[in-house]
1. Looking only at segment 69-85, filter to residues that are in contact with a His (Cβ under 9 Å, 6 or more places away or on another chain) and either surrounded by fewer than 21 Cβ atoms within 10 Å (Cβ to Cβ) or free of Cβ contacts under 8 Å to residues at least 12 places away in the same chain (or both); which one of those is farthest from Thr22 (Cα to Cα)?
2. Between a residue in segment 130-149 that is within 9 Å of Trp81 (Cβ to Cβ) and any residue that is modelled with pLDDT under 95 and acidic (Asp, Glu), which pairs come within a Cβ distance under 9 Å, given they are 6 or more apart or on different chains?
3. Considering only segment 54-68, how many residues are over 29 Å from Leu98 (Cβ atoms), surrounded by 15 or more Cβ atoms within 10 Å (Cβ to Cβ) and aliphatic (A, V, I, L, M)?
4. If you go through segment 121-135, how many residues are assigned to a loop (DSSP other than H, G, I, E, B) and aliphatic (A, V, I, L, M)?
5. Look at Phe63 and say whether it is touching a strand residue (DSSP E or B) at 6+ places or on another chain (Cβ under 6 Å) and either without any contact (Cβ under 8 Å) to a residue 60 or more places away in the chain or among the hydrophobic types (A, V, I, L, M, F, W, C) (or both).
6. Mind listing whichever residues of segment 85-121 are within 19 Å of His148 (Cβ to Cβ), touching a Pro at 6+ places or on another chain (Cβ under 8 Å) and not hydroxyl-bearing (Ser, Thr, Tyr)?
7. Being out of contact with any Ser or Thr (no Cβ under 6 Å at 6 or more places or on another chain), at pLDDT below 95 and either surrounded by 13 or more Cβ atoms within 10 Å (Cβ to Cβ) or not acidic (Asp, Glu) (or both): is that true of Arg153 here?
Amino acid sequence: MEAKACIDSLAVKNSHVLPPDTNSHGTLFGGKLMAYIDDVAAIAAVRHCRQPVVTASTDSVDFLAPVFEGDTICLEAFVTWSHNTSMEVFIKAITENLLTGDRKVCTTAFLSMVAVDENNQPVSVPPVYPESEEEVWLHNSAQRRHEHRKERRKESKELAEKFGTGLPWKRE
């Protein structure tokens with residue numbers, strides 16, 4: 001498979017923050033922002049591999065600044081690294097007060113997406129190469145994040161096995 005540049009997968013999503021999108025503090029629901037993140041990450045991943053994708057994991061989503069009703073939010077996502085069937089996607093969200101022009105990075109996140117075939121089985125994805133200084137920085141640190149994800153997934157499986165589907169306070 002021919003390698004592709006990070007920028008080739010760039011996806012941008014803009015949205016106006018309206019009253020139904022906000023909580024009692026007048027700020028964007030975190031879950032709404034997470035849905036935007038998953039959506040734009042999937043678009044970037046499909047652009048990279050030209051296959052359907054599923055979300056395999058979400059690293060920490062860091063909420064750095066509030067997004068107020070009336071603001072816009074712009075999410076930018078691109079594939080930073082790939083490994084066999086998976087892709088790491090970096091997402092940056094910027095909030096903008098349209099009246100003042102004040103802009104802030106409000107969120108950053110990494111998601112892992114897996115390419116799948118028509119039977120939902122993982123399929124190979126093309127390698128990715130960085131070009132800009134920022135892309136190189138993200139690409140060079142991706143292997144470390146990948147290893148951390150593998151360890152976290154192992155721990156999650158152990159938790160699922162230990163606690164199962166029963167209620168934690170009910171002994172069977």
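The values are calculated or read from the model by the stated rules, or taken from the named source; none is laboratory data. Please read these numbers as outputs of a predicted model, since none were measured by experiment. Note that each Cβ is placed from the backbone with ideal geometry, even for glycine, and that neighbours are counted across all protein chains shown.
1. Top of the filtered list is His83.
2. Arg145/Asp59
3. Here the count works out to 1.
4. Going through segment 121-135 one residue at a time, the tally reaches 2.
5. yes
6. Val114
7. yes
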